[in-house]
Amino acid sequence: MNAYTSDKQLSRLLYTSALDMEGCSEKQAQAVRKIAESSAEQNRLSQLTGSLLFVKGVFIQILEGPHDEVEKVFDRICCDFRHVDVRLIDLTHVSERLFEDWDMAFLNDDEISSLALRDELQEIQFLVGVNASQATLQMRSLLDNQPAHSKV
Ligand SMILES: Cc1cc2nc3c(=O)[nH]c(=O)nc-3n(C[C@H](O)[C@H](O)[C@H](O)COP(=O)(O)O)c2cc1C
């Protein structure tokens, strides 16, 4: 049982976008981490959960929670000047959350030394374009195996 078990109409949204920022990878990593941390904080208040991956300059984000809240936050995200080329990949009603343990899990491939994990992130990036459901499930299983990296 958790704080989210009483949700009624749940939705899950998957989108990609590209960071819109010049500068060295360290500066970018800081900016991206800041986005992830403030997102997790805000999501806690809005009963949203999900995952944010940053792979080779591209954001891959899953947001899940009450349908209205998912729509509201995605509207704000679309207007955010820190990224461009926002592409909605999938938006579906779901019966349960997949990311209930994460206000916003976060993985940045630039900050990861494990080659195997970086490969997995790139595989997910590829999958997003061909099979959104599979990409979502793979994201969840990757987080299960990497708890130390994934909590913001
Ligand atoms: C890649 C990316 C992901 C984001 N994810 C979230 C998120 O999960 N939740 C959230 O509240 N804001 C997220 N934001 C921030 C929103 O775009 C927005 O700045 C924030 O919700 C505050 O909006 P407001 O200033 O209109 O209140 C994200 C921004 C970016 C660039």
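The values are calculated or read from the model by the stated rules, or taken from the named source; none is laboratory data. Remember, predicted model here, so these are calculated numbers, not experimental data. With ideal geometry, Cβ positions are generated from the backbone for all residues, glycine too; neighbour counts draw on all protein chains shown. Protein only, heavy atoms only, side chains kept; ligands, DNA and RNA dropped before computing areas. Shrake-Rupley method; radii C 1.70, N 1.55, O 1.52, S 1.80 Å.
Rolled with a 1.4 Å probe across the full set of protein chains, the surface gives Asp103 an accessible area near 40 Å².
Between Asp85 and Ser38, the distance separating the two model label sites (each 7 Å from Cα on the Cα→Cβ line) works out to 2.3 nm.
Please enumerate, by chain and number, the aspartates and glutamates with C-alpha under 19 Å from the C-alpha of Lys34, excluding those fewer than 8 residues away in the same chain. Candidates past the 8-residue exclusion: Asp20, Glu22, Glu26, Asp80, Asp103, Asp109, Asp110, Glu111. Relative to the longest principal axis of the Cα atoms of the chain, the long axis of helix 132-145 makes an angle of roughly 80 degrees. Ranked by the mean number of other Cβ atoms within 10 Å of their residues, highest first, the peptides 113-120, 91-98 fall in the order 91-98, 113-120.
Surface composition of the range 36-94: carbon plus sulfur atoms hold 51% of the accessible area, using a 1.4 angstrom probe and ignoring ligands, DNA and RNA. Excluding ligands, DNA and RNA, the accessible surface per residue across the range 58-116 is 54 Å² with a 1.4 Å probe.
Could you tell me whether the range 10-150 comes out rounded, prolate or oblate from its Cα gyration tensor? Rule is a ≥ b ≥ c as square roots of the eigenvalues, rounded for a/c under 1.5, then prolate if a/b exceeds b/c, otherwise oblate. Judged from the Cα gyration tensor, the range 10-150 comes out rounded (a/c under 1.5).
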